[in-house]
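Some notes on the structure that comes next.
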Amino acid sequence: MADEAQVIYEYSAGNTISFKTDDLMIAYKRLFMTITSRPDGKIYVDDPGKAQRTFSCNSIISGATLNTLNTVQTAAITYDATYPRLTTIYFAGATTITNVEVALIELKATDQGNGFWSVDVTFVERVV
């Protein structure tokens, strides 16, 4: 079993939702990178250095927290240079990633009973 990670999502100043998960996935994508094979057999790489991360995980949250998350995501979110963001991602007690501007692009919720929900969330990093 993987170490538990904690992902803290701040959707507006001081308003956060915390996801505890043991299946955090972080995918890195190099944007605008091109690889060209030339007739002379050489390979040329053009990389402007722009990268984007996708963060996804599953977590169990309360119905009240899901209601807040649902309300926030169905409202008109203002995206600016600060919010929404992943303020902190803790890996096994150590902070390793902080203040990543994101958009929550996917939210799936499954009722677990007793007022709890299993949610799958996917966040995509804003690239400037």
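Among Ile61, Ile43, which is the only one that is β-branched (Val, Ile, Thr) and more than 19 Å from Thr122 (Cβ to Cβ)?
Numbers: Ile61 fails: more than 19 Å from Thr122 (Cβ to Cβ).
Being β-branched (Val, Ile, Thr) and more than 19 Å from Thr122 (Cβ to Cβ) holds for just one of Ile61, Ile43, which is Ile43.
Failed condition for Thr78, given (1) farther than 18 Å from Val100 by Cα; (2) part of a loop (DSSP other than H, G, I, E, B); (3) among the hydroxyl-bearing types (Ser, Thr, Tyr), with all others met?
It is condition (1) that Thr78 fails.
When residues of the stretch 70-84 are filtered for being polar (S, T, N, Q), at pLDDT below 85 and more than 15 Å from the chain's Cα centre (by Cα), how many remain? Reasoning before the result, please.
The first filter runs over the stretch 70-84 and keeps only residues polar (S, T, N, Q), leaving 70-71, 73-74, 78, 82.
Narrowing further to those that are at pLDDT below 85: 73-74, 78.
Keeping just the survivors that are more than 15 Å from the chain's Cα centre (by Cα) gives 74, 78.
Residues flagged as polar (S, T, N, Q), at pLDDT below 85 and more than 15 Å from the chain's Cα centre (by Cα) within the stretch 70-84 amount to 2.
Would you point out which residue out of Thr98, Thr54 is buried (at least 16 other Cβ atoms within 10 Å of the Cβ) and assigned to a strand (DSSP E or B)?
Values: Thr98 fails: buried (at least 16 other Cβ atoms within 10 Å of the Cβ).
Exactly one of Thr98, Thr54 is buried (at least 16 other Cβ atoms within 10 Å of the Cβ) and assigned to a strand (DSSP E or B), namely Thr54.
Kindly indicate whether any position in the stretch 39-47 is in a strand (DSSP E or B), acidic (Asp, Glu) and out of contact with any helix residue (DSSP H, G or I) (no Cβ under 9 Å at 6 or more places or on another chain). Write out each step before concluding.
The first filter runs over the stretch 39-47 and keeps only residues in a strand (DSSP E or B), leaving 43-46.
Next, from what is left, pick out any that are acidic (Asp, Glu): 46.
Adding the requirement that they be out of contact with any helix residue (DSSP H, G or I) (no Cβ under 9 Å at 6 or more places or on another chain) leaves 46.
Checked against the condition, which is being in a strand (DSSP E or B), acidic (Asp, Glu) and out of contact with any helix residue (DSSP H, G or I) (no Cβ under 9 Å at 6 or more places or on another chain), the stretch 39-47 yields at least one hit.
When you look at Arg85, is it touching a Phe, Trp or Tyr at 6+ places or on another chain (Cβ under 6 Å) and not aromatic (Phe, Trp, Tyr), yes or no? Before the answer, list the steps.
Numbers: touching a Phe, Trp or Tyr at 6+ places or on another chain (Cβ under 6 Å): no; not aromatic (Phe, Trp, Tyr): yes.
The answer is no for Arg85.
Write out, first by first residue and then by second, each pair whose Cβ atoms fall under 6 Å of each other, whose residues are 6+ apart or on separate chains, and whose first residue, in the stretch 98-124, is free of Cβ contacts under 8 Å to residues at least 24 places away in the same chain while the second is exposed (fewer than 15 other Cβ atoms within 10 Å of the Cβ) and among the hydroxyl-bearing types (Ser, Thr, Tyr).
Listed pairs, sorted by first residue: Thr110/Ser118.
Give the residue that is surrounded by the fewest Cβ atoms within 10 Å (Cβ to Cβ), with candidates limited to residues of the stretch 10-51 that are of a type in the set (Gly, Ala, Ser) and under 30 Å from Leu69 (Cα atoms). Give the derivation first.
Here is the first cut: in the stretch 10-51, the residues of a type in the set (Gly, Ala, Ser) are 12-14, 18, 27, 37, 41, 49, 51.
Checking the rest, the ones that are also under 30 Å from Leu69 (Cα atoms) come to 12-14, 18, 27, 51.
Details: Ser12: 12, Ala13: 8, Gly14: 5, Ser18: 14, Ala27: 11, Ala51: 14.
Out of the qualifying residues, it is Gly14.
Going by the structure shown, is Ala92 closer than 16 Å to Phe19 by Cα, touching a residue at least 24 places away in the same chain (Cβ under 8 Å) and either surrounded by 14 or more Cβ atoms within 10 Å (Cβ to Cβ) or among the aromatic types (Phe, Trp, Tyr) (or both)?
On the way: closer than 16 Å to Phe19 by Cα: yes; touching a residue at least 24 places away in the same chain (Cβ under 8 Å): yes; either surrounded by 14 or more Cβ atoms within 10 Å (Cβ to Cβ) or among the aromatic types (Phe, Trp, Tyr) (or both): no.
No, not satisfied.
What are the pairs, 6+ residues apart or on separate chains, where a residue within the stretch 5-31 that is in contact (Cβ under 8 Å) with a residue 12 or more places away in the chain has its Cβ under 6 Å from a residue that is surrounded by 19 or more Cβ atoms within 10 Å (Cβ to Cβ) and not in a strand (DSSP E or B)?
Ala5/Leu24; Tyr11/Pro84; Ile17/Leu69
Say we look at the stretch 6-21 and pick out the residues that are part of a strand (DSSP E or B) and over 19 Å from Lys108 (Cα atoms); which of these is modelled with the highest pLDDT? Explain how you work it out, then say what you get.
Start the filter on the stretch 6-21 by keeping residues that are part of a strand (DSSP E or B), which leaves 6-12, 15-21.
Keeping just the survivors that are over 19 Å from Lys108 (Cα atoms) gives 12, 15.
Numbers: Ser12: 87, Asn15: 91.
Looking at the filtered set, the residue picked out is Asn15.
The values are calculated or read from the model by the stated rules, or taken from the named source; none is laboratory data. Everything quoted here is computed from the prediction, not taken from an experiment. Don't worry about glycine lacking a Cβ; one is built from the backbone with ideal geometry, like all the others, and counts go over all protein chains shown.
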